[in-house]
Each structure stands twice: as C-alpha cells, then as structure tokens.
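Report on the structure given below.
The values are calculated or read from the model by the stated rules, or taken from the named source; none is laboratory data. Since the structure is predicted, the reported quantities are computational estimates derived from the model, not experimental observations. Here the Cβ positions follow ideal geometry from the backbone for every residue, glycine too, while neighbour counts run over all protein chains shown.
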C-alpha cells in the first residue's frame, strides 16, 4: 500500500521526524496537526503518515486498532517510502504510533537509517492496568530516545515510570499536569496545551540537534 504523507516545517530542515498517530485518531486530527505545527515552527521537518487500518475512515467502515506488533512492517515501509532526508531522520509518534516506532527503532538505528526516536504520551500500560507493562523492549533500547509525557497521563505517571528500569538511552521530558494528550488543567497548572507543545518542540529541537547523523 502506498504511503501518503503530510508535511510541516521547512523542507531544508536539519532534522526530519517521521511521525505516526495514536490508536484512535488519524494523522490529520486536531492534536496531531497542532503537534506537527509546533515542531515545524521550531525548525523541524515533520512527515505524518497513517497505518493502513485507518483507511476505512474515508469510506465510513472503520476498523478497530490492531495489535502494535502487526503494524511494525508498515512503519518500516513508511521509512522506505519517505526516502533520503536532508539530514538525520528521527522516527516516533503519539501513543501507539510512538510505541510501534520504538519497536522497530533498534533495527533501523543499527542499519544507520535513523538517528533517534521520540514518543509523545508513551502507553507504558493500559489505563487502570499498571501491571500490564509495555516496557520490556525499552529496558535494553540502544536508540537515542526522548519520551515526552504528561505527569497525569493514565498510561504512565512519574512514580510508575521511575520503577521501570528504562534504558539509559532514554530521556524523559515531563509536562506538568499534562494528560495523555499533554493537555493540562490551566487553572491548576498555569499552563495551556499550546504551552506544553511549545516546550516539547523546543526540547525536541535541542535534543535532536545533539544527535549524530548515524549510529
């Protein structure tokens, strides 16, 4: 299946980010669009794409999200379809999209095809099931990784994540009072979603600027 992309940010950016959506929202959802535009405004080139199961939304026949493992080949195919980039390529995504990217990252990194991984709202466990962890592959991850997570994300909060023994290749960026979409309660935190997205964009730009172009 051909891969279609939505691009944000400058075409000649030093870094390109291949970015996948979460389980229930398409690549052009309001949240994905706001995230891509924030990253683009920070000087990063963002290429959004969709997994095949989302195609039904255009015909009215929607499919439930598949197991993350089943769409790993689609993520690798998207890397293939994107082709050479002006500078380092980082893969990642929102929630499930980031999880899938993390599952293919080490093979792509070892092959010299990517320089890093970013995950926004990583689903460390299903909501309400803190013992059903999705972290086994993260303990030995070799790919330089940045995970941006809200401090009240029901898929993994700071006290829980601190016990997971994550790889030293992983850096965490916590967004105060952010939920799974990084949305804070402004009256409590003093921040807005736009504030948090701007913080994420700056952090990603700074972090990615220190990455080598290949492992």
Would you kindly identify the strands (runs of 3 or more DSSP E) lying entirely within segment 46-161 that contain at least 2 residues that are without any contact (Cβ under 8 Å) to a residue 60 or more places away in the chain, in contact with a helix residue (DSSP H, G or I) (Cβ under 7 Å, 6 or more places away or on another chain) and within 21 Å of residue 8 (Cβ to Cβ)?
116-120
The residue that is surrounded by the fewest Cβ atoms within 10 Å (Cβ to Cβ), considering only those in segment 1-12 that are at pLDDT 95 or above and assigned to a loop (DSSP other than H, G, I, E, B), is 10
Residue by residue through segment 196-215, note down the ones that are surrounded by fewer than 17 Cβ atoms within 10 Å (Cβ to Cβ) and not in a loop (DSSP other than H, G, I, E, B).
198, 202, 206
All but one of (1) assigned to a loop (DSSP other than H, G, I, E, B); (2) in contact (Cβ under 8 Å) with a residue 60 or more places away in the chain; (3) surrounded by fewer than 17 Cβ atoms within 10 Å (Cβ to Cβ) hold for residue 181; which doesn't?
(3)
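Rundown of residues vs (1) closer than 25 Å to residue 172 by Cα; (2) in contact with a strand residue (DSSP E or B) (Cβ under 8 Å, 6 or more places away or on another chain); (3) modelled with pLDDT of 95 or more; (4) buried (at least 22 other Cβ atoms within 10 Å of the Cβ), yes/no style:
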{"residue": "19", "(1), (2), (3), (4)": "yes, yes, yes, yes"}
{"residue": "24", "(1), (2), (3), (4)": "yes, no, no, no"}
{"residue": "37", "(1), (2), (3), (4)": "yes, yes, yes, no"}
{"residue": "77", "(1), (2), (3), (4)": "no, no, yes, no"}
{"residue": "95", "(1), (2), (3), (4)": "yes, yes, yes, yes"}
{"residue": "99", "(1), (2), (3), (4)": "yes, yes, yes, yes"}
{"residue": "102", "(1), (2), (3), (4)": "yes, yes, yes, yes"}
{"residue": "108", "(1), (2), (3), (4)": "yes, yes, yes, no"}
List the number of the failed condition for residue 33; all other conditions in (1) within 15 Å of residue 7 (Cβ to Cβ); (2) assigned to a helix (DSSP H, G or I); (3) in contact with a helix residue (DSSP H, G or I) (Cβ under 8 Å, 6 or more places away or on another chain); (4) without any contact (Cβ under 8 Å) to a residue 40 or more places away in the chain hold.
(3)
